[in-house]
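Contents: one structure, followed by commentary.
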Amino acid sequence: MEATVSDSTVVPTAHDDVISWDYQADVVIAGYGVAGASAAVEAARAGADVLVLERSGGWGGAAAMAGGFIYLGGGTALQRACGFEDTVDNMKTFMKAAFGPGTDDEKIDAYCEGSVAHYDWLVEAGVPFREAFYGEPGWEPRGDEGLMYSGGENAAPFKDLVAPAPRGHLPQMENKKTGERGGGYMLMKPLVETAESLGVRAEYDIRVESLVVDGDGRVTGIIAKRYGSRLAVRARRGVVLAMGSFAFDEEMVREHVPHLLGRPGSAIEAHDGRAIRMCQALGAATTHMNAAEVALHVDMQLVARGILVNSSGQRFATEDTYGGILGQEVLFRQGNSAFLVMDENGYESAVATRSVMARPQPTWVSESHAELENSMGLPPYALTTTIDFYNRHALTGSDPAFGKKPEWVRPLEGPLAVFDLRNSTSGFPLGGVKTTVDSEVLHVSGEPIAGLFAAGRCTSGICSGGYASGASLGDGSFFGRRAGISAAANETPAV
């Protein structure tokens with residue numbers, strides 16, 4: 001094809017300016033991660049000819065490198081097999097409280113109401129889950145257990161809001177290694193194999209650059225590049241964008257969520273925000289662009305048995321909650337500064353468990369609170385006062401300040417160890433293009449942009465502020481399916 005666009009432009013190309021099409025399909029999907037794979041499966045099952053364009057040399061994206069949690073509930077077969085009761089209403093209540101503020105309640109309602117069926121869909125596609133529960137604090141099981149609390153459901157304040165239920169569903173994989181082949185890989189592999197069995201085609205090493213739009217404003221294709229050559233790809237029914245977040249676009253991060261500058265996590269370089277900017281070039285709305293998931297890089301087995309204090313020596317959260325909640329608190333409200341204080345009994349108890357991380361070494365150890373305060377740069381008596389208050393109530397197993405569960409509350413005695421957790425966070429953006437529950441991309445006017453659909457981290461999904469492990473893969477796969485269905489059902493344009 002011939003084109004006059006530059007390497008960096010996201011300005012759409014007029015349909016009539018495309019001289020010839022290098023590829024054509026009913027539904028064209030940009031990105032072969034979990035959202036793209038799920039969209040491909042459903043579009044193909046709906047009878048559409050499907051083509052997936054992937055920037056890298058193979059399928060998987062960030063999903064294949066992830067730990068692999070899928071946030072599901074409402075009474076899945078796995079939950080029941082592990083002895084847990086859950087309801088759709090309880091799941092809705094928790095998500096609207098924990099994933100806000102400003103959640104898209106229509107999306108959460110649809111997600112919760114369809115959660116059991118979505119689990120069954122994944123199993124039918126070949127995603128394996130071991131019927132075993134992992135009840136220890138941590139980012140993920142070290143073994144292949146299939147179910148875990150992954151969002152703070154069983155910690156204050158949520159444990160008193162509704163009956164807690166674990167909703168972190170983890171695909172089974174032996175000898176897993178997160179970041180290479182973990183639960184995310186075992187989610188992606190069967191989905192791609194299912195797509196291939198349905199006749200889905202894929203073209204790799206293709207960098208999507210902009211959209212093609214007809215005279216009525218309908219999206220009819222994609223302009224891309226492979227090995228320096230430009231390509232035009234025709235979408236007879238619709239385009240689905242599933243290209244990831246803007247975690248690796250420094251300009252967008254600086255503008256929308258500057259706390260994440262220099263600390264991207266759980267993303268890949270292909271998450272450059274291009275899908276969002278392509279949609280914005282058509283007048284698409286975005287939302288919650290300042291929201292982010294944040295990981296605190298420390299073993300949660302340690303954290304639950306100690307106390308977290310800030311640069312003033314004060315506690316600021318219940319330590320037995322989901323690590324993402326602690327990460328957001330540290331980065332957004334504590335100046336990315338925190339210290340973990342433990343005693344020897346707590347430390348030895350933690351490292352004796354099946355912890356995800358290797359045995360860590362503390363930054364400081366001392367029997368003197370004053371010496372620790374000085375080493376940590378705290379004012380005199382700041383840490384001493386915090387420990388005295390905590391210990392006084394810990395004698396009776398209570399935590400009136402933050403509501404830590406009694407099983408983790410005990411006085412800190414003898415020599416104390418301190419882990420310096422300053423600048424120990426990373427994360428990725430949660431905001432993106434605004435979409436309907438059927439994954440239609442919305443114009444700033446509130447109307448869908450004809451022929452354009454999106455799912456995954458390039459959209460603003462079920463999380464608008466808070467997060468739970470598994471929300472991205474759950475949201476991406478669930479609304480990816482809806483994107484594929486919607487695109488396949490779209491009327492074929494006359495052009």
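The values are calculated or read from the model by the stated rules, or taken from the named source; none is laboratory data. Here the structure is a predicted model, which means the values were calculated and not measured. When we count neighbours, we look across all protein chains shown, and the Cβ atoms used for this are built from the backbone with ideal geometry, even at glycine.
Checking GLY427 against (1) under 30 Å from THR93 (Cβ atoms); (2) in contact with a helix residue (DSSP H, G or I) (Cβ under 9 Å, 6 or more places away or on another chain); (3) part of a loop (DSSP other than H, G, I, E, B), which single condition isn't satisfied?
Of the numbered conditions (1) under 30 Å from THR93 (Cβ atoms); (2) in contact with a helix residue (DSSP H, G or I) (Cβ under 9 Å, 6 or more places away or on another chain); (3) part of a loop (DSSP other than H, G, I, E, B), the odd one out for GLY427 is (3).
Being surrounded by fewer than 22 Cβ atoms within 10 Å (Cβ to Cβ) and either at pLDDT below 95 or in contact with an Asp or Glu (Cβ under 7 Å, 6 or more places away or on another chain) (or both) is the filter here; which residues of the range 26-50 pass it?
Listed by number, the residues that qualify are ASP26, ASP49.
Tell me, yes or no, whether the range 275-296 has at least one residue that is over 28 Å from THR435 (Cα atoms) and at pLDDT 95 or above. Don't jump to the end; show me each part of the working.
Step one: list which residues in the range 275-296 are over 28 Å from THR435 (Cα atoms), which gives 296.
In the following step, the residues that additionally are at pLDDT 95 or above were identified as 296.
The answer is yes; a qualifying residue exists.
One residue is enough: does the range 120-134 have a residue meeting the conditions in a loop (DSSP other than H, G, I, E, B), over 24 Å from GLU440 (Cβ atoms), under 17 Å from the mean Cα position of the chain (by Cα) and not hydroxyl-bearing (Ser, Thr, Tyr)?
No, every residue in the range 120-134 fails to be in a loop (DSSP other than H, G, I, E, B), over 24 Å from GLU440 (Cβ atoms), under 17 Å from the mean Cα position of the chain (by Cα) and not hydroxyl-bearing (Ser, Thr, Tyr).
Where residues in the range 398-415 are of a type in the set (D, E, K, R) and loosely packed, with under 14 Cβ neighbours inside 10 Å, which of them is farthest from SER366 (Cα to Cα)? Before the answer, list the steps.
Going residue by residue through the range 398-415, those that are of a type in the set (D, E, K, R) are 399, 404-405, 407, 410, 413.
Restricting the remaining residues to those that are loosely packed, with under 14 Cβ neighbours inside 10 Å gives 407, 413.
Values: GLU407: 26, GLU413: 11 Å.
The extreme case among them is GLU407.
Considering only residues that are closer than 25 Å to SER368 by Cβ, in contact with a strand residue (DSSP E or B) (Cβ under 8 Å, 6 or more places away or on another chain) and not in a strand (DSSP E or B), which ones fall in the range 322-341?
ALA338
Taking the range 342-383, which residues are without any contact (Cβ under 8 Å) to a residue 60 or more places away in the chain, assigned to a helix (DSSP H, G or I) and more than 22 Å from GLU136 (Cα to Cα)?
Passing the criteria: HIS369, ALA370, GLU371, LEU372, ASN374, SER375.
Look through the range 435-458, keep the residues that are part of a strand (DSSP E or B) and without any contact (Cβ under 8 Å) to a residue 60 or more places away in the chain, and return whichever of them is farthest from TYR111 (Cα to Cα).
Filtering the range 435-458 for residues that are part of a strand (DSSP E or B) and without any contact (Cβ under 8 Å) to a residue 60 or more places away in the chain, the one farthest from TYR111 (Cα to Cα) comes out as PRO448.
Answer yes or no: is there a residue in the range 362-369 that is touching a Phe, Trp or Tyr at 6+ places or on another chain (Cβ under 7 Å) and within 23 Å of SER426 (Cα to Cα).
yes
Quick check on the range 236-271: of everything there that is charged (D, E, K, R) and within 16 Å of the chain's Cα centre (by Cα), which residue is farthest from VAL219 (Cα to Cα)?
Among them, the one singled out is ARG263.
Matching residues to (1) among the β-branched types (Val, Ile, Thr); (2) farther than 21 Å from ALA97 by Cα:
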residue: GLU447; (1), (2): no, yes
residue: SER464; (1), (2): no, no
residue: GLY470; (1), (2): no, no
residue: LEU473; (1), (2): no, no
residue: PHE478; (1), (2): no, no
residue: ILE485; (1), (2): yes, yes
residue: ALA488; (1), (2): no, yes
residue: GLU491; (1), (2): no, yes
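If a residue must be in a strand (DSSP E or B), over 17 Å from the mean Cα position of the chain (by Cα) and either under 24 Å from ALA370 (Cβ atoms) or aliphatic (A, V, I, L, M) (or both), how many such residues does the range 277-321 contain?
At the first step, the residues of the range 277-321 found to be in a strand (DSSP E or B) are 284, 286-287, 292-296, 307-309, 315.
Pick out the ones that are also over 17 Å from the mean Cα position of the chain (by Cα) and you get 284, 286, 307-309, 315.
With either under 24 Å from ALA370 (Cβ atoms) or aliphatic (A, V, I, L, M) (or both) added as a condition, the list becomes 284, 307-309, 315.
Selection size over the range 277-321: 5.
Which residues, counting only those in the range 338-397, are among the acidic types (Asp, Glu) and either surrounded by 15 or more Cβ atoms within 10 Å (Cβ to Cβ) or within 11 Å of LEU412 (Cβ to Cβ) (or both)?
Our first condition is that a residue be among the acidic types (Asp, Glu); within the range 338-397, this holds for 343-344, 348, 367, 371, 373, 388.
Matches in the range 338-397: ASP343, GLU344, GLU373, ASP388.
Scan the range 218-234 residue by residue and report those that are buried (at least 19 other Cβ atoms within 10 Å of the Cβ) and assigned to a strand (DSSP E or B).
Scanning the range 218-234 gives VAL219, THR220, GLY221, ILE222, ILE223, ALA224, LEU231, ALA232, VAL233, ARG234.
Could you figure out which of (1) surrounded by 24 or more Cβ atoms within 10 Å (Cβ to Cβ); (2) assigned by TED's automatic domain parsing to the domain that holds GLY61 isn't true of PRO448?
(1)
Just one of ALA155, ALA165 is assigned by TED's automatic domain parsing to the domain that holds GLY47, in a loop (DSSP other than H, G, I, E, B), of a type in the set (Gly, Ala, Ser) and farther than 19 Å from GLY68 by Cα; which is it?
Values: ALA165 fails: farther than 19 Å from GLY68 by Cα.
When all the criteria are applied, what remains is ALA155.
Would you be able to say whether some residue in the range 241-258 is among the basic types (Lys, Arg), crowded, with 23+ Cβ neighbours inside 10 Å and not in a strand (DSSP E or B)? Give the derivation first.
Within the range 241-258, the subset among the basic types (Lys, Arg) is 254.
Next, only the ones that are crowded, with 23+ Cβ neighbours inside 10 Å stay: none.
Taking every residue of the range 241-258 in turn, none turns out to be among the basic types (Lys, Arg), crowded, with 23+ Cβ neighbours inside 10 Å and not in a strand (DSSP E or B).
Any residue that is more than 30 Å from ALA232 (Cα to Cα) and surrounded by fewer than 16 Cβ atoms within 10 Å (Cβ to Cβ) - is there at least one of those in the range 70-77?
yes
If I ask for residues that are assigned to a strand (DSSP E or B) and of a type in the set (Ser, Thr, Tyr), which ones from the range 196-217 would you list?
Within the range 196-217, SER210 is the sole residue that qualifies.
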